[in-house]
1. Hey, how many Å between the Cα centroid of region 215-234 and the Cα centroid of region 1-71?
2. Could you tell me the relative contact order of region 35-170? Use alpha-carbon pairs under 8 Å, at least six residues apart, and round to a whole percent.
3. How would region 13-304 be classified by its alpha-carbon gyration tensor: rounded, prolate or oblate, with rounded meaning a/c under 1.5 and the a/b versus b/c comparison settling the rest?
4. Taking 0.36 nm per residue of separation and subtracting the Cα-Cα distance, what length does fully extending residue 145 through residue 245 add?
5. If each DSSP helix of 4+ residues adds -39,500 (n - 2.57) and the sum is divided by the residues in the chain, what number results at 222 nm, nearest 500 deg cm²/dmol?
6. Only Cα pairs under 8 Å and at least 6 apart count here; give the relative contact order of the chain as a rounded whole percent.
7. Please label the shape of region 176-308 as rounded, prolate or oblate, based on the square roots a ≥ b ≥ c of the eigenvalues of the alpha-carbon gyration tensor (a/c under 1.5 means rounded; beyond that, a/b larger than b/c means prolate, else oblate).
8. Can you put 196, 148 in order, fewest other beta carbons within 10 Å first?
């Protein structure tokens, strides 16, 4: 992060941040054909592989200092565990590499992406429950039994998209099975009566946070529709539609624009005075999830020649 003069406020190198740089630059290249953007995306990829990849146990370390040296505190935010590896970082490295592979079909990148998908299936997805494990030590031992429904449903479609771009038939079949199981688990355990998705539960299924977070609802729309496309099961399309209806009714801020960041379980928007995260725009609140759900669903519904 920088101050208003461009001076670093926090000079650490979060692997998560590098991955989003790749995602943005490769998307900009797709739009404009600007070769400089693609070159910068490639350079970020090489930096991640040189400094963040764990050659002994595979996967990616959470963070380094400005000179790419180890850090004692690697947390992405104060809400996260100080763990060497996390689901969240791996999910978004996957996302960035998917977009880069679309515009730069480099064999080494394809191999790394295939390996990352396999790491996700082998270590991060709990095959028994259909949920992501969240935090890990370097040897991939899970450090927390909580469930993040939003990441589960988001990961279900991002994983499938990644495998499609890699183009390995056997891997795609394996991912398809995992993606459907993840969507089924979210449908059975994460949905509230009004069609919205809850935020987080513990390992026994007890809801830890029953507030409705903006980004979780956006990912539910795409994730459930993706499951419908994979299975043809109407219950997934219905869940996608209901999540969108909840967004339209409760989450869109029709006074100020944008979306409310967080709502009570009853659908009442929280304000910053009530919850520090309930801001219209902030470091963790931008038009990422909500713009993307619109683009993604326009594309999927257009291809299907149907309306939700």
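1. Taking the Cα centre of each part, region 215-234 and region 1-71 sit 30 Å apart.
2. Numbers: 143 pairs, mean separation 29.4, N = 136.
Over region 35-170, the number comes to 22 percent.
3. On the way: a/c = 1.36, a/b = 1.29, b/c = 1.05.
Cα axes put region 13-304 in the rounded bin.
4. Values: separation 100, 0.36 × 100 = 36.00 nm, distance 3.12 nm.
Full extension from residue 145 to residue 245 adds 32.9 nm.
5. Working: 9 runs with 151 residues, N = 308.
Taking each H run of at least 4 residues, the total per residue is -16500 deg cm²/dmol.
6. Details: 479 pairs, mean separation 34.8, N = 308.
Once normalised by length, the contact order is 11 percent.
7. Values: a/c = 2.06, a/b = 1.31, b/c = 1.58.
In terms of gyration-tensor shape, oblate.
8. Starting with the residue having the fewest Cβ neighbours, the order is 148, 196.
Quick note: the coordinates plus some simple rules give every number you see, no bench work behind them. These figures come from a predicted structure and were not determined experimentally. Neighbour counts are summed over all protein chains in view; Cβ atoms, including those assigned to glycine, are modelled from backbone coordinates with ideal geometry.
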